[in-house]
Amino acid sequence: MENQIIIQIGYSILAVVAPVLAALAVELIRRKLGTEKLKRVQEELAAKQDLALLAVRFVEQVYVDLHGQEKYQAAAEWLTARAKENGIQLSPDEVKGLVEAALRELKDSFGEEWGRQVQT
């Protein structure tokens with residue numbers, strides 16, 4: 001009789017603990033997968049930003065006769081082509097945002113010197 005009570009208590013404890021442990025395991029797996037996905041997204045964004053900086057620098061160096069929209073279009077086309085070569089998908093809105101952000105970053109980095117170079 002005493003053994004049955006101990007066994008029954010053990011089963012009761014196990015009935016409470018097992019679902020809690022299962023829930024914790026599921027949450028840990030979910031977080032691990034979420035962390036890995038977030039890391040992949042961050043790496044892809046960094047690659048896109050690096051390509052955008054290269055695109056803007058390339059266009060500034062090679063297409064000195066182009067200005068405004070023509071220069072943006074050249075950078076957008078170069079960026080899109082390089083991204084496609086590397087298996088990176090870009091929407092037109094992403095291209096615009098990346099090119100504009102890269103241009104802003106370069107302008108902020110080089111300040112007035114950038115403005116004088118662009119004007120000449």
Might you let me know whether segment 32-45 holds any residue that is under 16 Å from ALA101 (Cα atoms), touching a helix residue (DSSP H, G or I) at 6+ places or on another chain (Cβ under 9 Å) and in a helix (DSSP H, G or I)?
no
Checked segment 82-110 for anything within 21 Å of ARG40 (Cα to Cα), surrounded by 12 or more Cβ atoms within 10 Å (Cβ to Cβ) and out of contact with any helix residue (DSSP H, G or I) (no Cβ under 8 Å at 6 or more places or on another chain); matches are GLY97
Going through segment 48-79 in order, the residues found to be hydrophobic (A, V, I, L, M, F, W, C), modelled with pLDDT under 90 and over 17 Å from LEU106 (Cα atoms) are LEU66
Filter segment 85-95 for residues that are within 16 Å of the chain's Cα centre (by Cα) and in a helix (DSSP H, G or I); the one that is nearest to ALA55 (Cα to Cα) is VAL95
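Residues to consider are ARG82, ARG31; find the one that is over 19 Å from ARG104 (Cβ atoms) and modelled with pLDDT of 85 or more.
Numbers: ARG31 fails: modelled with pLDDT of 85 or more.
One residue alone meets the criteria, ARG82.
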Counted residues in segment 67-100 being in contact with a Lys or Arg (Cβ under 6 Å, 6 or more places away or on another chain) and small (Gly, Ala, Ser) come to 0
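The values are calculated or read from the model by the stated rules, or taken from the named source; none is laboratory data. Keep in mind it's a predicted model, so treat the numbers as computed, not measured. Positions of Cβ are backbone-derived with ideal geometry, glycine not excepted, and every protein chain shown enters the neighbour counts.
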